[in-house]
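Below: the structure, in structure tokens.
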Amino acid sequence: MSGRSELRFPENFVWGAATAAYQIEGAVREDGRGPSIWDTFSRTPGKVFQGHTGDVACDHYHRYADDVALMAELGLRTYRFSIAWPRIQPDGTGPVNPRGLDFYDRLVDALLSRGIDPFVTLYHWDLPQALQDRGGWTNRETAEHFADYAVAVHGRLGDRVRTWTTLNEPWCSAYLGYGNGMHAPGEQDAGAAFRAVHHLLLGHGLATRALRAAGVATLGITLNPADVQPADAGSEADAAAVRLVDGLQNRIFLDPLTGAGYPDDVLAQVARHVEPTFVRAGDEKIIAAPIDLLGVNYYSPTYVAGRVGGAGGSAYPGTAGVVEFLPPVGPLTEMGWSIEPAGLTRLLERIGADYPGLPLMITENGGAFPDKTGAEDPDATGRVADTDRVAYLDGHLRAVHRAIARGVDVRGYLVWSLLDNFEWAEGYRKRFGIVHVDYLTQRRTPKESARWYQEVISRNGL
Ligand code: FCB
């Protein structure tokens, strides 16, 4: 942007975009797909904005070839997408449904034919409903089933897909799915949330072991680690609040994944809600299976204060009465999330320092911005002048660059998202895409951010 210095990213820096199956595919009853917890949840009155569902979404299931052509036009080098488990195993276990695999087979071939590297996420929240009927992630068996499913997908795509990640943001699956009920399956039980954390991590570990045995070269997991900051840097109470929230969101995942096991202070928190007998001998060793890549999803920082009687956060068990989450301060995105690129630099530096030797990749970053002004809908000339989004992405890319310059090993950046899509509990009203989707006609219109990003990629910099 004018007046700012030119920045170049490292050679081989990976540029791309990300999506997730339930958010874009539609075709929920086609080719043998079984129901997922998001089909059930979105049909439960009051759970998703105006009862929106993923039934049609961006109809990507039928339009994938055009979407891949669009990716190629934008110059994307990598495309991160997720596989819908209920397409592969409609009941979550047992024989695979070849027609489900056929879809991803076609998608991968389309990507490769355009020179785009497929980046697979095995689980982006759409658990087969049949597994939820048996407890979902609170049931240890789900972890074992997940490993079987991973092997089945690899069996079909492993000859062409080089980069595999197991889970997307298990924090959300556990704490929003089982803790505060804002996401599917909508349970509200802190103990269940912690059981889910462990079984998600165990599932990751078992799948990692199985995929390694099957010969996968590049393997990882994507988290949404938080940049947790104190309201007052000099306050001891605020520092204690930071430690508590950091434990619940960051260390509970990162420590066991990197071989340190669950931290004692975190286990003590867990034990206030549920006896952690579900952590069995040997589990932490499985979870610590080496990974090649940690995916980092970042949108906004988290500011907390230690305060007696504080409201706490519904997604953070044990914070009520002791922690106050500060309301976000402007500028804000349409999600109400504050825009603070410096948080991304801090977060990357922190992970780099505390968990050294782990290559990082930004697997999601982006912003929803309002369409009330008309700026999000194509104007008479077909333009979508999303200058807010361009500024957001520019600021965050500079933040990534700063972290790299300070020695953090960041391998790439994938924008969230390629397309406007089903934003979970928010339905279609929040638009994150660099490509506009008209949900009535399914017409795609690259926004100005898409053209800007195309330029960034082609210059490998800003
Ligand atoms: C992340 C999710 C992704 C999308 C963005 C906005 O938590 O992984 O699917 O909804 O938030």
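Its Cα centre serving as origin, segment 14-457 has a Cβ charge dipole (Lys and Arg +1, Asp and Glu -1) of approximately 540 debye.
Just the Cα atoms of segment 69-183, one point each, no solvent: what log10 I(q)/I(0) does Debye give at q = 0.19, 0.20 Å⁻¹? Debye curve over Cα of segment 69-183, log10 I(q)/I(0) at q = 0.19, 0.20 Å⁻¹: -0.99, -1.07.
Put simply, the Cα atoms of the chain extend 58, 56, 45 Å along their principal axes, the longest span coming first. The listed peptides 389-398, 305-314, 326-335, ordered by packing as a protection proxy, come out as 389-398, 305-314, 326-335 (highest mean of other Cβ atoms within 10 Å first). Each residue of segment 1-137 gets 160 Å³ once the volume of the Cα convex hull is shared out per residue.
If you count Lys pairs in segment 14-457 whose Cα atoms are under 29 Å apart, skipping same-chain pairs closer than 8 places in sequence, the total is 5. How much area per residue is accessible in the chain when the probe is 1.4 Å and only protein heavy atoms are counted (Å²)? On a per-residue basis, the chain sits at 37 Å². Taking every alpha-carbon pair under 8 Å whose residues sit at least 6 apart, the chain reaches a relative contact order of 17 percent. Exactly which GluC sites (Glu not before Pro) in segment 9-80 are in a DSSP loop and have at most 16 other Cβ atoms within 10 Å? Listed in order of number, the matching sites are 11.
Global size of segment 26-96: 14.6, 41 Å for Rg and Dmax (C-alpha atoms, Rg to one decimal, Dmax whole).
The values are calculated or read from the model by the stated rules, or taken from the named source; none is laboratory data. Just so we're clear, the structure is a prediction, and the values are computed from it rather than from any experiment. With ideal geometry, Cβ positions are generated from the backbone for all residues, glycine too; neighbour counts draw on all protein chains shown. Please note that ligands, DNA and RNA were not included when accessible areas were found on the heavy atoms of the full protein model with its side chains. Shrake-Rupley method; radii C 1.70, N 1.55, O 1.52, S 1.80 Å.
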